[in-house]
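One structure below.
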Amino acid sequence: MQKLMTRKISTVALAGALAAGLALAAAAPPAGAQTDEETQRGLERFRQMLREDPWANPALLDADRGELLWTTAAGPKNATLEDCDLGLGPGVVDGAFAQLPRYFEDAGRVMDVETRILWCMQELQGVDVAAYVKRPHPSGGQPVKDVGAIATWVANRSEGEPFAPVLDDAAGRATVAMGEALFNRRSGPFDFSCATCHSASGQRIRLQELPHLSQPEEAQVAIAEWPAYRVSSTHVMTMQHRMYDCYWQMRMPQLEMGSEASVALIAYLVDKAAGGEIAAPGIKR
Amino acid sequence: MRTIAFAVALALAAGLPAAAFAQDEGPSTAEVDAVIEAAFPGLDEEWAARLAPDETMEQCNASANVPSDAVFEEIRARAAGTIVYPDDGVLVGSWENGEKLAQSGYGMRFSDYPPRRENGGNCYACHQLTPQEVSYGTLGPSLMGYGKLRDYSEEAVKAAYEKVYNPHMAFPCSMMPRFGTNGVLTIDQIKDIVALLMDPASPVNR
């Protein structure tokens, strides 16, 4: 509780600092006087400052909201999510994220954290997840939706632990193999696949550096921070949202949250990141 | 017993997916296609078409973008057959407009409908072009000085047009989009990008 209070005060203080920063930015010389490189350096300094204070990450507000959602009765069944089994038994949250994605006997499929939370909302609370899946991700400037807030909290409760997804059974191996095939599959009007941008080290889109995601060392760093506060869209972005956004950029249609493809891609990436230390929620561009 | 062995041998010879026989060989193309279709429900025909790789992409996907010599030639020939040249034979447009197209990444994302402006080429996402633009990507090679380095030759102008229209004619299984063949850019827009690369007055060459 003490910890929670401190965190809240700290995030409120940050909101004030951010507002002050924006006011300063408004008074700064007009855009164009600064080169993109300078802007990029400024953003990097801002991200660095957020990283230096462990309580300064706005995503922690969403994690608090996620905890509240987890413990508050809701849905037609008026139940909380406290009996949700994230893989380590009903109600066990600490360390559960580190072992996801994994196969769930009750659901008969491999699930990532968001797909599992959605499943628990349906099973325990009787929530109509079809309605939720229609608009699962926030637009720019809007806060992360409920499942994402809960996922942020759950992920944070594995912070500092190494990724150890349980994917060595038959279902897990098949899912990772599917994820790898999807990662490399080119289609759409631009002929893009995930690998178009993420299959070499040290490359960039414009000034944005791209992780080489089939390389464990780079995957560990890149995957560790999700869900993350995204400075450019001023909200938390989850891994499911990240996949959806990549397909948007690839000129593909809207990836369905919780689809087998979305879980397979996440399983492939987390499998590559195995052993890397979880640093969620992180801070991204 | 012998019949079963024979059937297996036949199936293997027919090139059936290896996944049917060994569990860790990865999913078959049909399995991957089914998972993709399920992940993008409720599409109209035009959007559904984006899920399916065409013949060239099927060949690139199957070979991890390193096609055999025979397939390489097949892709090259097919790409050449798709290229439409301007009626008047003029391949160079306006470099000023080409620069605008090179800057713009607008178009064909699901949030871009109905279109609010023309599609861009987004060249800077992957290539260095003019020395003035320092925010450029490195997925593709630097194109700074492109025309000058090629002495502004007529062959180089034609090759540049073809590379933007369909890069697989020069580089089978190239990572670059087929801007002309796939209807991303019009012939006039491609001419403008050719001008950005090949016009001696373009900042790319100065």
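Starting from the Kirkwood radius over alpha-carbon pairs of the stretch A:170-284, derive D by Stokes-Einstein at 10 °C in a medium of 1.306 mPa s and give it in µm² s⁻¹.
Here the translational diffusion coefficient equals 110 µm²/s.
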Amide proton proximity set for A:Lys284, modelled H, under 5 Å, gap of 5+: A:Tyr229, A:Arg230, A:Val231
Segments B:192-202, A:100-110 sorted - mean Cβ within 10 Å per residue, highest first: B:192-202, A:100-110
Reciprocal mean inverse distance between Cα atoms of the stretch B:50-206 - Kirkwood radius, Å: 16.2 Å
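Give me the dipole magnitude in Debye, nearest 20, for the stretch A:29-150 about the Cα centre, with unit charges on the beta carbon: positive for Lys and Arg, negative for Asp and Glu.
The calculation lands at about 320 debye.
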Amide H within-cut-off set for A:Ala74, under 5 Å, with H built and near neighbours excluded: A:Ala79, A:Thr80
Whole-Hz ³J(HN,Hα) from phi, Karplus 6.51 cos²θ - 1.76 cosθ + 1.60, for the stretch A:198-206, glycine and proline x: 10, 10, 8, 8, x, 9, 9, 9, 6
For the stretch B:50-62, Karplus couplings with θ = phi - 60° (6.51, -1.76, 1.60), whole Hz, Gly/Pro x: 5, 6, 9, x, 7, 4, 5, 5, 4, 5, 5, 4, 5
Area accessible to solvent at A:Thr80, 1.4 Å probe radius, in Å²: 40 Å²
Simple label model, 7 Å out from Cα along Cβ direction - A:Glu37 to A:Ser139, nm: 3.7 nm
Proximal lysines to A:Lys284, defined as alpha-carbon separation beneath 19 angstrom and excluding residues fewer than eight positions away on the same chain: A:Lys145
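Let's see if you can work this out: charge +1 on each Lys and Arg Cβ, -1 on each Asp and Glu Cβ, no other charges. What is the dipole magnitude of the protein assembly as shown about its Cα centre, in debye to the nearest 20?
Working: 42 positive and 63 negative charges, 213 e Å.
In total the dipole reaches around 1020 debye.
Quick one: accessible area per residue over the protein assembly as shown, 1.4 Å probe, rounded to a whole number of Å²? Please report the intermediate quantities before stating the final value.
Numbers: 23510 Å² over 491 residues.
Dividing the accessible area of the protein assembly as shown by its residue count gives 48 Å².
When the accessible area of chain A is split by element with a 1.4 Å probe, what percent falls to carbon and sulfur?
Values: 7010 of 12600 Å².
Solvent-exposed carbon and sulfur of chain A make up 56 percent of the total.
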Inter-chain Cβ neighbour average for residues A:189-201, partner chain, 10 Å: 5
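Considering only DSSP beta bridges with both partners in the protein assembly as shown, what is the antiparallel share in %, to the nearest 5?
On the way: 13 of 17 bridges.
Among the beta bridges of the protein assembly as shown, antiparallel pairing accounts for roughly 75 percent.
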Area buried, chain A against chain B - accessible surface, total, 1.4 angstrom probe, square angstrom: 3800 Å²
Accessible surface of A:Ser158 - all protein chains present, 1.4 Å probe, nearest 10 Å²: 0 Å²
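Suppose the chain between B:Glu96 and B:Glu25 were pulled fully straight at 0.36 nm per residue; how much longer would it get relative to their current alpha carbon spacing?
Working: separation 71, 0.36 × 71 = 25.56 nm, distance 5.10 nm.
Gain in length upon complete extension: 20.5 nm.
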Placed amide H near A:Arg102: partners under 5 Å, 5+ positions off or other chain: A:Met111
Calculated from backbone phi, Karplus (6.51, -1.76, 1.60) coupling profile of the stretch B:77-82 in Hz, x at Gly/Pro: 5, 5, 4, 4, x, 8
Whole-angstrom gap from the stretch B:44-94 to the stretch A:72-112, using each part's C-alpha centre: 46 Å
Viscosity 0.890 mPa s, temperature 25 °C, Stokes-Einstein D of chain A from Kirkwood C-alpha radius, µm²/s: 124 µm²/s
Distance cut-off 32 Å, percentage of C-alpha pairs in the protein assembly as shown lying past it: 48 percent
Cβ charges +1 (Lys, Arg) and -1 (Asp, Glu), total dipole of the stretch A:92-197, debye: 420 debye
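The values are calculated or read from the model by the stated rules, or taken from the named source; none is laboratory data. Since this is a predicted model, take the numbers as computed values, not measurements. When we count neighbours, we look across all protein chains shown, and the Cβ atoms used for this are built from the backbone with ideal geometry, even at glycine. Side chains included, ligands, DNA and RNA excluded: accessible areas come from the protein's heavy atoms. Shrake-Rupley method; radii C 1.70, N 1.55, O 1.52, S 1.80 Å.
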